[in-house]
């Protein structure tokens, strides 16, 4: 792919051409050689979108909530990109089917773009990919990028912490009452949503969040607000949008947005270095065949892997 | 630390000195510079232990089951190392307290060593650390290393797939009936345990496992056995040990052990390269101060991170 090709591609993305955007995201997911060139060209066009991360246990009603929030932003003419990430699912098939069903709800609205990602390679990489996809959507001119992720494990924390605003979605009586929520999730939540709040137990969930909050003050002195929603009816969605805006104001007023961005980029740069180093090494200094040979030698205890790794790296650096 | 110091340390580990082993594991966890030298020296002494991975949802009774299995091995004079990993917990405090409580159950038995690991760095690394800790326990002369991990997410899959034998623990009526188990876990299970099998619903769990198995045959034609246990009473534990042994025989007979080991080492080598490259780069070419400066420039959109990463790597290679 020539520089001119990349340039045309970027122009089409910038114009919001859905196919060009979809092709960019696929290239980023597959980490193709041109995806880096593309991202180099897209980066200067990004930085305008608000990136909002939303996470919650399976069954918390995330997709419905995210769709409703997108609709809310559309009311004020804002364009929205949605990235739905399921780190636990090794297959994309179901995710893509889900996309189609979700897109139908917004059909004929070119102001919304939905994409899900489910696969991930061995050991890491999904958080970086998600961040790059958010950059592409940002560069395509979307005003808001909603990053939606299932669950409350470390993977999800890594993904949502790359967003400027993190919304944690809870539901009453699902066994994921706050007592059982890991410490990590309490720390990353800028806003709590109690979805399906017409169910019994919403008061209890709120009480428990408040109790947890009283035990551990956030470093930035922000007291995460709690918003009750019934996403299926659209109830509480304007209030959620308002809570997000309030937090964004706090970010700006306190100078925290800059600090958060720097922290986030420090982590992203390290992760990019990690992936890029390995990619260059495997492309230049380690064929599939060599790797198989080494693995066999180590498995048969004919070679110590720690010395071997040092040798491979020294060899890569000499090239 | 001199070569002679490493040599003394290795000798003490080899002799099964509990303090030397504990210090080795801490060095591996912290990825200190001497940990690599230590592992180079320990590797040739390893390869004798059977490494068994056990995973299951929180509340499945893993710790009790693992403790009982360790006791079972002790009956036949086998020494046992236990590594308990919780990727979702960011703190070690609780884990270490848990160790003490668990150690009391085996007090005065020097044939059992228990260690838990809970922290992990940003984006990955725990699977590699766990594998290196297993190597250290192996080199310390343990006959069996039990790697116990919470949950059924990608992290846990990465951890347990490094073991030769993988045991997946289910319980009746916990909502984690097989229907809801992700495809990934069905593929990695060499043996299923239905723990707390005196509860209602054990038959259903078994039926569902069988149904899933009839839908997808494993590539190696192994039909994972299903063992029912009540770990708190020790019921079914000898049967579990027998099922593990049966699978080990299958591994040897089919030549699969060698194949599995090569596959596992291929993945481990790649992961070791990834971590080691980054470690060398950050030590030699990227100070904390420089990284902060770069992160600020990128956050302010004064620099494109993709080009920056290429430059940092080129610089590292020239050194």
Of B:276, B:285, B:264, the only residue that is more than 7 Å from chain A (Cβ to nearest Cβ) and crowded, with 18+ Cβ neighbours inside 10 Å is B:264
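If I go through the range A:291-302 residue by residue, how many of them are more than 35 Å from the chain's Cα centre (by Cα) and either at the interface with another protein chain (Cβ under 7 Å from one of its Cβ atoms) or surrounded by 19 or more Cβ atoms within 10 Å (Cβ to Cβ) (or both)?
So the answer is 5.
Mind listing whichever residues of the range A:194-224 are outside any loop (DSSP other than H, G, I, E, B) and closer than 16 Å to residue A:56 by Cα?
The answer is A:194, A:202, A:205, A:206, A:209.
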Restricting the range A:239-261 to residues that are closer than 14 Å to residue B:297 by Cα and touching a residue at least 40 places away in the same chain (Cβ under 8 Å), the one farthest from the other protein chains (Cβ to nearest Cβ) turns out to be A:260
Of the listed residues (A:188, A:169), the one being in contact with a strand residue (DSSP E or B) (Cβ under 7 Å, 6 or more places away or on another chain) and modelled with pLDDT under 90 is A:188
Across (1) part of a helix (DSSP H, G or I); (2) farther than 16 Å from residue B:205 by Cβ, residue B:240 clears everything bar (2)
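The values are calculated or read from the model by the stated rules, or taken from the named source; none is laboratory data. Worth saying up front: this structure is predicted, and the values here are computed from it rather than measured. Glycine also receives a Cβ, built like all others from the backbone with ideal geometry; neighbour counts cover every protein chain displayed.
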